[in-house]
Structure formats: C-alpha cells, structure tokens
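For reference, the structure is listed below as structure tokens.
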Amino acid sequence: MQFGYTILYVEDVPATLAFYGEAFGLATRYTHESGSYGELETGATALAFVSHALLTQIGKTPQSPHLDKPTSEIALVTDDVAAAVRRAVDAGARPVQPPTDMPWGQTIAYVGDCNGFLVEICTPVKHG
C-alpha cells in the first residue's frame, strides 16, 4: 500500500489553490472543471481540496477547522523557515508561532491558512 493524498474540506477550492500558490509557492496540479476539487503539486503525495458543497451533495456533513483547536496540521518543509513565514503572512496567512529552534535540531513555525487549517513550516527532520 502507498499513501496517495490528503484531502481537506474547504468552502472555496479555487481560492484555496490560489492562496497556497501565493503563500507557499505550490503549483496547482489539477482542478476539476466544476471547481469543487483540486490538487496541489507537492511531490509524490498530493494535497487536495474538496468543496463543502460537493460533500453535502454526497451526504456528508463537513465541518470547518478551528485554528485555536487544531486536530491535525499540514507540514511544509523548507531550508528558510523565516522567509517562508514572511511570504505566507504577506499572502494572508495568520501567524500562530514564530520560527523556533527545537531541541531535536529542526526549526519550526506555524501559520493558519485561509480556511483555518494549521500549517507547520519547518526545516527537514534530521534522522540518525
């Protein structure tokens, strides 16, 4: 088995794709013509978005995220966390935690995306 993608539920898929492009430099891989589904180019595993409207049509009851009570996070890896945070905030991300050097050697920061999802911006994890 292989991990294929993560899908986040959002009100406006095109606006979310545009935000991720501006804030994090992620290109859109695919957008369905209806605008209710889209994927970002993130490497081997895609980050995808589905509209609340489409989920409602298929009998689901999507909930909006709560930045102050996160249940998960998206982690984006970069060598320059401070610059990535500045870019994200300039594009409208909400600052949550400034870049912090962790005891295990990683630098991490947190922002909230345009939907309220928690996004970790971090340096690569050093294994071994």
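We did not get these values from a lab; they are worked out from the coordinates using the rules stated. Keep in mind that this is a model prediction, so the values were computed, not measured. Cβ placement follows ideal geometry from the backbone for every residue including glycine, while neighbour counts extend to all protein chains displayed.
When the Kirkwood hydrodynamic radius is evaluated over all pairs of different C-alpha atoms of the chain, what value in angstrom, to one decimal, is obtained? Numbers along the way, then the final one.
Details: mean 1/r = 0.0651 Å⁻¹.
Over the chain, the inverse of the mean reciprocal pair distance is 15.4 Å.
Arranged by the count of other C-beta atoms within 10 angstrom, fewest first, what order do MET102, MET1 take?
MET1, MET102
Let me check I've understood the local charge: for VAL89, count other residues with C-beta under 13 angstrom from its C-beta, Lys and Arg +1, Asp and Glu -1. What total comes out?
Neighbour charge sum, excluding VAL89 itself: 0.
Let's see if you can work this out: charge +1 on each Lys and Arg Cβ, -1 on each Asp and Glu Cβ, no other charges. What is the dipole magnitude of the chain about its Cα centre, in debye to the nearest 20?
Result for the chain is approximately 200 debye, rounded to the nearest 20.
Can you compute 3J(HN,Hα) from phi for each residue in region 87-99, using the Karplus curve 6.51 cos²θ - 1.76 cosθ + 1.60 with θ = phi - 60°, rounded to whole Hz and x for Gly and Pro?
4, 5, 5, 4, 8, x, 5, 8, x, 10, 8, x, x
Mind checking the log10 I(q)/I(0) for region 5-57 at q = 0.13, 0.14, 0.19, 0.28 Å⁻¹? Debye, one equal scatterer per Cα, no solvent, two decimals.
Results for region 5-57 at q = 0.13, 0.14, 0.19, 0.28 Å⁻¹ read -0.26, -0.30, -0.54, -1.11.
Assuming 0.36 nm per residue, please report the length gained on full extension of the stretch GLU11 to ILE74 beyond their Cα-Cα distance.
Result: 20.9 nm gained on full extension.
What ranking of LEU67, LEU76 emerges when the number of other C-beta atoms within 10 Å of each C-beta is taken as an exposure proxy, fewest first?
LEU67, LEU76
If Lys and Arg each add +1 and Asp and Glu each add -1, what is the summed charge of the other residues whose beta carbon sits under 10 Å from the beta carbon of SER51?
Neighbour charge sum, excluding SER51 itself: -2.
Counting just the Cα atoms, what span does region 74-122 cover along each of its three principal axes? Round to the nearest Å and put the largest first.
30, 18, 15
Find out how many positive minus negative residues lie around GLN63, taking Lys and Arg as positive, Asp and Glu as negative, among other residues whose Cβ is under 15 Å from that of GLN63.
Numbers: positive: LYS60, LYS69; negative: GLU11, ASP68.
So the surrounding residues net to 0.
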